[in-house]
Amino acid sequence: MRHAVLLAGLLALLIAPPSVCAQDPPPIRQLGPVLYTATETFGAVSQVRALANGRVIVHDNSGRRVLLLDSALKKLVVIADTTGATSSAYGSRLGGLIAYRGDSTLFVDPVTYAMLVIDSNGKVVRTMAAPQPDQVQNLIGGPFGTPGFDALGRLVFRAQMRPVPTGPNQGGAFRVPQQPDSSLIVRFDFSNRKLDSLTKYKIPFVALSMTKNQYGAVTVMQTVNPMPQTDDWALLADGTIAVVRGKEYRVDFFSPDGSVRSGPRLPFEWSRLRDEDKVAVIDSTRTAMEKLRAAYIAKLAAANPIPAPAATTTSTGRQLAVTDEVTSVNIYRSDGNPLGPAAPPLEYVAPSELPDYRPAFRQGAARGDADGNLWVRTTRIVDGGAVYDVIDIKGVLVDRVQVPPGRFIAGFGPRGATYMGVVDGEITRLERAQYRRPVRF
């Protein structure tokens, strides 16, 4: 009887949400007052690099621009754009910012495999070769995490693991290699060009399949999981690497001296997903993605008008209808001629493959602030505003901060300066707010 009771208790712990093992969360607080709003508008604000003199370098990845703003967020210098008017024009692919020595900053150009060194006045002073050319895409930030330099001057970034070959299908048809479900956190030493693997962490798994249409064009089909369970990572101010584990919601810390320690499980209001909830998540994701794809195809068709038939004859100027022949490379007209590039068509996982509890965070949610804390954008939304968990160097949740609706944190500066992107229709604005950590007695 005693063993049966113990076994029942153990099973209850295993199937219960992780919050049963964590401390009570602190109350949710508002971020703090907005001190400045940029006069310039952006297509997007992907990264903000705060300098010691109060200036900031802003990366507008959608607008393909890098700007230097003063402490009141007024434009000073265009560092790079696509007009050709700057000494270092923005390339054809998305770049990324990396905080470098002192107030200098690196801008990564994946096209040329180069890193432009930008000084505190927004001037490009020299160029460096990017490490590991096959990994340069992982230096641009966003869902790959924010690269940075540790206390020993080593560049820390995510390195993509290679797909696993699966061999041909029955009959000799090619099969898409199996995509990895993990990535590596690595450190690159520029003095000896040595790459050191630190740890693995879980990423969303991407399932791909391949078919060929009547014109011989190859279509790569992606199966989407709209609610994957993932880990995330961030580089803290002292060079410590923080890896947030999604399954247990806790943080592993990797110090520059090589020591490793784990924080406790963090408190979170775990929301159970019923079967009908899972179906609703997939349906809403499918609807949203179809709208985005339809808008993209319409925009592409408008930019590539089809000539109208000639008035005098029906043998020339044949009207071509745009069809839904969407491949991983092109959208095709009804005669097989390509209209333009497009994303691959999508399928969706079965509802049963979604987790039983809503994940605490998504990929790209973790950032380190200038004071040594880790900020994690959680999946919790209160009155339209996202809630961030603030975690100290011991792995303890010390604060919970809500940002106003439509906002996301794009970067941090000294003494609690917090920079937010504000999505407003098709444009994004930039705000600077002031965060003050609560006083504990």
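Some observations on this one:
- The sole residue among 347, 353 that is within 30 Å of residue 218 (Cα to Cα), modelled with pLDDT of 90 or more and charged (D, E, K, R) is 353.
- Boolean, residue 268 is surrounded by 20 or more Cβ atoms within 10 Å (Cβ to Cβ) and hydrophobic (A, V, I, L, M, F, W, C): yes
- Among the residues of region 236-255, those identified as open to solvent by 30 Å² or more (accessible area, probe 1.4 Å) and within 17 Å of residue 187 (Cβ to Cβ) are 237, 238.
A quick yes/no check of all residues on (1) at pLDDT 90 or above; (2) within 23 Å of residue 202 (Cβ to Cβ); (3) not in a strand (DSSP E or B):
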residue	(1), (2), (3)
71	yes, no, yes
88	no, no, yes
106	yes, no, no
122	yes, no, yes
128	yes, no, no
134	no, yes, yes
151	no, no, yes
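- Tally, over region 419-435, of residues that are part of a strand (DSSP E or B), touching a Ser or Thr at 6+ places or on another chain (Cβ under 6 Å) and more than 11 Å from residue 45 (Cβ to Cβ): 1
- Filtered residues of region 198-216 (kept if modelled with pLDDT of 90 or more and either open to solvent by 60 Å² or more (accessible area, probe 1.4 Å) or farther than 21 Å from residue 364 by Cα (or both)): 200, 202
- Selected residue (criterion: least open to solvent (accessible area, probe 1.4 Å)) from residues of region 36-55 that are over 20 Å from residue 98 (Cα atoms) and not in a loop (DSSP other than H, G, I, E, B): 37
- Residue that is touching a residue at least 24 places away in the same chain (Cβ under 8 Å), closer than 25 Å to residue 100 by Cβ and outside any strand (DSSP E or B), where the choices are 256, 267, 204: 256
The values are calculated or read from the model by the stated rules, or taken from the named source; none is laboratory data. Fair warning: this is a prediction, and the values are worked out from it, not measured in the lab. Quick reminder, even Gly has a Cβ in these numbers, built from the backbone with ideal geometry, and neighbours come from all protein chains shown. Just the protein is used for accessible areas: all its heavy atoms, side chains included, with ligands, DNA and RNA removed. Shrake-Rupley method; radii C 1.70, N 1.55, O 1.52, S 1.80 Å.
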